[in-house]
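Readers should treat all values here as calculations from the given coordinates under stated rules, not as data from a laboratory. If you're wondering where the values come from, they're calculated on a predicted model, not measured in any experiment. Cβ placement follows ideal geometry from the backbone for every residue including glycine, while neighbour counts extend to all protein chains displayed.
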Number of protein chains: 4
Amino acid sequence: MQLNAGCELQFEAQGPTPLVLMLRPRSGAGQWIMREEYQITPSVNVTEFTDMYGNLCQRLVAPEGPFSIHFSATVQTADAIDVEPGAPYTPVEDLPDDVLHYTLPSRYCQSDQLGDLAAEITNAVEPGYDQAEAIRKWINENVKYQYGTSDASTSAVDTANARVGVCRDFTHLGISLCRALNIPARMVVGYLYQLKPMDLHAWFEAYIDGRWFTFDATQQQPRGNRITVAYGRDAADVAFTTQFGPMTLNDMKVWVDPAEIAEN
Amino acid sequence: MQLNAGCELQFEAQGPTPLVLMLRPRSGAGQWIMREEYQITPSVNVTEFTDMYGNLCQRLVAPEGPFSIHFSATVQTADAIDVEPGAPYTPVEDLPDDVLHYTLPSRYCQSDQLGDLAAEITNAVEPGYDQAEAIRKWINENVKYQYGTSDASTSAVDTANARVGVCRDFTHLGISLCRALNIPARMVVGYLYQLKPMDLHAWFEAYIDGRWFTFDATQQQPRGNRITVAYGRDAADVAFTTQFGPMTLNDMKVWVDPAEIAEN
Amino acid sequence: MQLNAGCELQFEAQGPTPLVLMLRPRSGAGQWIMREEYQITPSVNVTEFTDMYGNLCQRLVAPEGPFSIHFSATVQTADAIDVEPGAPYTPVEDLPDDVLHYTLPSRYCQSDQLGDLAAEITNAVEPGYDQAEAIRKWINENVKYQYGTSDASTSAVDTANARVGVCRDFTHLGISLCRALNIPARMVVGYLYQLKPMDLHAWFEAYIDGRWFTFDATQQQPRGNRITVAYGRDAADVAFTTQFGPMTLNDMKVWVDPAEIAEN
Amino acid sequence: MQLNAGCELQFEAQGPTPLVLMLRPRSGAGQWIMREEYQITPSVNVTEFTDMYGNLCQRLVAPEGPFSIHFSATVQTADAIDVEPGAPYTPVEDLPDDVLHYTLPSRYCQSDQLGDLAAEITNAVEPGYDQAEAIRKWINENVKYQYGTSDASTSAVDTANARVGVCRDFTHLGISLCRALNIPARMVVGYLYQLKPMDLHAWFEAYIDGRWFTFDATQQQPRGNRITVAYGRDAADVAFTTQFGPMTLNDMKVWVDPAEIAEN
């Protein structure tokens, strides 16, 4: 369906602060950006580049004082995610060169330390899609979703122990468990229609049978109508905002509405 | 200033026709895309990729029958282009690796065959900016701007002989003459405020003193307020539309207006 | 088989001359570089970069006077090229993004002007591999191989008219005729075992049924044991040496021997 | 000077095991690969690709049983590293786009948790080169070099606490402390002439005053004659070998000799 999605961020900078933003989604296989608006107040010089994952990144220096960002887009999305029970595991030797590094441990995804848990969860499951789905389901059923239980340094190993976290933590754990089975997995950040409470969201994709599939451990029954903003190995690669200096986020709004309804 | 720019293309496809479009500008050092709208009628699946010059390309298959594209954007542009008389020539050995190939001949820019003309035009001019500006001025004064005098196969050598052409031909000649002096030069396609008659436009950039400068041989006094849509070696790289099959362009509108005034 | 291949180039520079060399093959799907030697006399500072096609390029400034380059490698190659009569045409809409530009005209391959000839040659032939093979065979039978009949400015249209040329011209014509049928085609330069007389060689690849196939119009029965040095759209992209100043090539030796036999 | 450097690895694979190797250095600004040999026994099919940092990676499947790799190269290296006390800090807003991500925390370099230590070490030191050098010197004087005190999961925070480790740990700590000051830093793995005991080595580079400088915390007085094999954010990016299955490294030899002396 067509969605109007966007966010508004209100900062207060204690001095001139370099910022890197990752807020502009790209059109691609799964989504088409029909309309887009990107406002920065006060107006400053912004440049844009593409990082090594293909994400669009905006660079600027926020001046001292209040600083706000308003982004909104109308996007054509798919109503459902593809599911394919039984899709076979892709052997490492058949992975495309640029997918290979998604099998390795990364900042928050210590896949090398979670092999036992991955084996246990996927015991008696066929290699491939069914493993990733078993992992997703296990996390959904065994990790409690609760705000304020984790922070920017929480990793998959922490979450495997604490069994509590938010979408970012669920995602790191899902990625790590897949990689522990040599299934490439990557983090996705973006928007999800009807997410409750509405917020920026994170989920993961696993590479199975020659393509990427969507998995979301925060939901019992993962839905479509997702807008991908950025891909990466884990949260270290896909921060919506990275600031180089003291700056306070005072307010943040996120919305995802059917495009037929007038936008915020 | 802030500009509203856009175009509308009306096609008639004789059968399902694969299309590659290069219509979406990217934010970058010189411009900021504040708002953007991209409509395709009838709605079809579109994917987007980045080509080897960093341009955004949209792929789709137009169905048989009428097919239209509407693109519009609000863009913050620079009011003037940078000029820097006397800026020194960058020796080949100091060029960045990814600039080097812009010294070589390409499809429409046979720089190897235009060395004598380049030497003649820039005789007694200091190497660097002043050479590129002498070339630009020479073309402006010696080549007649006239629609219908060239076509998709017209090259810089043709234009050097015929001394007549349109913006694309002026640009190819300017690029070729710069390259003949080992000054890297590339084609730019996009929008120019107050172009008369309004149309999609082409100009060139030359790499001097460690950066790219804008040159436009179609104007006596090149102005700012330009929106770059794509870069490439010459027109072979930066077609706004490339079609793989029989399809007729029936109508095309282009506009560039101050953003304060309501958009078309 | 394992081949020892190499070349030796003797230059005389009239002054310090920037050079870009494309002489170092890369290991890849079809070949493994087991041993490699690269000498430059007199010794100068050399840097290396990867161009946009993935070719390794070496940059240096040759000093005034004699200058020589000696490159040799031992390479594991495939004894035969893959042939697959009947392999189906890949529709444009199914081409990978980075293959797409190989359908377009380029400096020496004016595919847009050779549609009639392509249609004539492949009349009554199934789309795909058989078209490319019909083109290759037609060139082999209808274009005369003769040194000294073409030069650095000879294009595919020239060769289609003159019906005479060398490996470079055969290749440009083959590429153009494939592209005229929307079959992506690219130039390959490198070494071929048992080429007579021995020289650096050029041939082409066409993208069919989801992969690249090797075609060589200079041979009745194309053989394997090829070493690829570089890929590109045409000769403009894959010069073994590009010089930016006056420099004379006084002597050039090329060899390809079975690795069991002591190398030149 | 000209160095003969190389390594020999002897594995025993318990079954067919996919391997990714990063053993082939690239010619570049600081080094020229004059000769190179790469043998794999038993001979298997190997393909090569370039990762997102520009490193050459070799892929293969080792068969069950003994498997050995022999790599050697003759490389022209610089006798000394560049040092530039007083070179000024490059503000974040002036960093090249592709350097920016080297300011962020990564798998083993939790720069966000080491700000206090970085501030303490560089207290009263001018921003830029002198900070990085103060960090390097502090590590050299305060962390004890000792084999067997760390493993593949040891991170910079661990080393900051334990104050003991090997070259890899010294490097992770140096990188993290630089990043904590918003100085981009990256890991380098390769060979160092006269390293005692001889082994594969790791050090770091920091981006200061518009370029990369070499720092090696394992040495009192860092020397030149280094051969870079790969760059990355930390050890997660630049493993010499990555195996996907059970495989034992039974023996490993490393050598770096003056090229005048016959090679191992």
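Checking the cross-link filter: which lysines have an alpha carbon closer than 26 Å to that of C:Lys253, excluding same-chain neighbours under 8 positions apart?
Partners found: C:Lys144, C:Lys196.
With the alpha-carbon atoms as the only input, what is the per residue convex hull volume for region B:92-222 in Å³?
Spread over its residues, the Cα hull of region B:92-222 gives 106 Å³ apiece.
With respect to the axis carrying D onto C, what is the closest chain D residue by Cβ position, and how many angstrom separate it from the axis?
Nearest Cβ to the rotation axis, residue and whole-Å distance: D:Glu36, 2.
Okay, which of region C:200-226 sit inside 12 Å, backbone N to the point 7 Å along the Cα-Cβ direction of C:Lys137?
C:221
What is the distance in Å between the Cα centroid of region A:208-264 and that of region B:82-141?
46 Å
Put a label point 7 Å from Cα along the Cβ direction on A:Glu141, then list its distances to the equivalent points in the other copies in nm, shortest first.
Spelled out, the distances from A:Glu141's label point are 5.9, 6.8, 8.3 nm.
To the nearest 20 debye, what is the magnitude of the charge dipole of region D:1-100 about its Cα centre, counting +1 on the Cβ of each Lys and Arg and -1 on the Cβ of each Asp and Glu? Intermediate results must be reported in sequence, preceding the final value.
Working: 4 positive and 14 negative charges, 96 e Å.
Here region D:1-100 has a charge dipole of around 460 debye.
Treat each spin label as a single point 7 Å out from the Cα along the C-beta direction, and report the C:Arg163 to B:Tyr145 distance in nm.
4.7 nm
So if R0 is 30 Å, what FRET efficiency would D:Lys196 and D:Ser68 give, r being the distance between their Cβ atoms, rounded to the nearest 0.05?
That pair, D:Lys196 with D:Ser68, gives E of 0.75.
When the dipole is taken about the Cα centre of the protein assembly as shown, and only Lys, Arg (+1) and Asp, Glu (-1) are charged at their Cβ, what size is it in debye, to the nearest 20? Let's see the in-between values first.
Values: 72 positive and 136 negative charges, 0 e Å.
So the magnitude is around 0 debye.
How far apart are the C:Gln221 label points across copies, placing each 7 Å from Cα toward Cβ, in nm, shortest first?
6.5, 6.9, 7.4
Along each of its three principal axes, how wide is the spread of alpha-carbon positions in the protein assembly as shown, in whole angstrom units, largest first?
77, 75, 61 Å, listed from the longest principal axis down.
Run the helix sum for chain A: -39,500 (n - 2.57) per DSSP H stretch of 4+ residues, divided by residue count, reported at 222 nm to the nearest 500 deg cm²/dmol.
For chain A, the value works out to -4500 deg cm²/dmol.
Quick one: angle between helix D:129-142 and the longest Cα principal axis of chain D, in degrees between 0 and 90, rounded to 10, please.
Long axis of D:129-142 versus the principal axis of chain D: about 70 degrees.
What whole-number value in cubic angstrom gives the convex hull volume per residue for the C-alpha atoms of chain A?
122 Å³
When each copy gets a label point 7 Å from Cα toward the beta-carbon at C:Trp255, what are the spacings between them in nm, shortest first?
Computed spacing set for this position: 2.7, 7.2, 7.6 nm.
Around D:Val44, with a cut-off of 13 angstrom between Cβ atoms, what is the net charge of the other residues, counting Lys and Arg +1 and Asp and Glu -1?
Details: positive: D:Arg59; negative: A:Glu93, D:Glu64.
Around D:Val44, the charge tally is -1.
What relative contact order, as a whole-number percentage, does chain B give when Cα pairs under 8 Å and 6 or more residues apart are counted?
Once divided by the residue count of chain B, the mean separation gives 30 percent.
Quick one: helix D:167-180 against the long Cα principal axis of chain D, what's the angle to the nearest 10°, folded into 0 to 90?
40 degrees
Rounded to two decimals, what is Rg over Rh for region A:95-169 when you use alpha-carbon atoms and the Kirkwood radius?
Working: Rg = 13.4 Å, Rh = 13.6 Å.
A ratio of 0.98.
Considering only DSSP beta bridges where both residues belong to chain D, give the percentage that are antiparallel (nearest 5).
Among the beta bridges of chain D, antiparallel pairing accounts for roughly 95 percent.
Hey, with R₀ at 45 Å, roughly what FRET efficiency would D:Arg223 and B:Val99 work out to, going by the Cβ-Cβ distance, to 0.05?
0.85
According to a simple spin-label model (label point 7 Å from Cα along Cα-to-Cβ), what is the distance in nm between C:Thr50 and B:Asn250?
4.7 nm
List every residue whose amide H lies under 5 Å from the amide H of B:Gly232, counting only residues 5 or more places away in sequence or on a different chain, with H placed 1.01 Å from N in the peptide plane.
Those qualifying (amide H under 5 Å, at least 5 residues apart or on another chain) are B:Met187.
Rg/Rh for region B:1-97: what does it come to with C-alpha atoms and Rh from Kirkwood?
So for region B:1-97, dividing Rg by the Kirkwood Rh gives 1.12.
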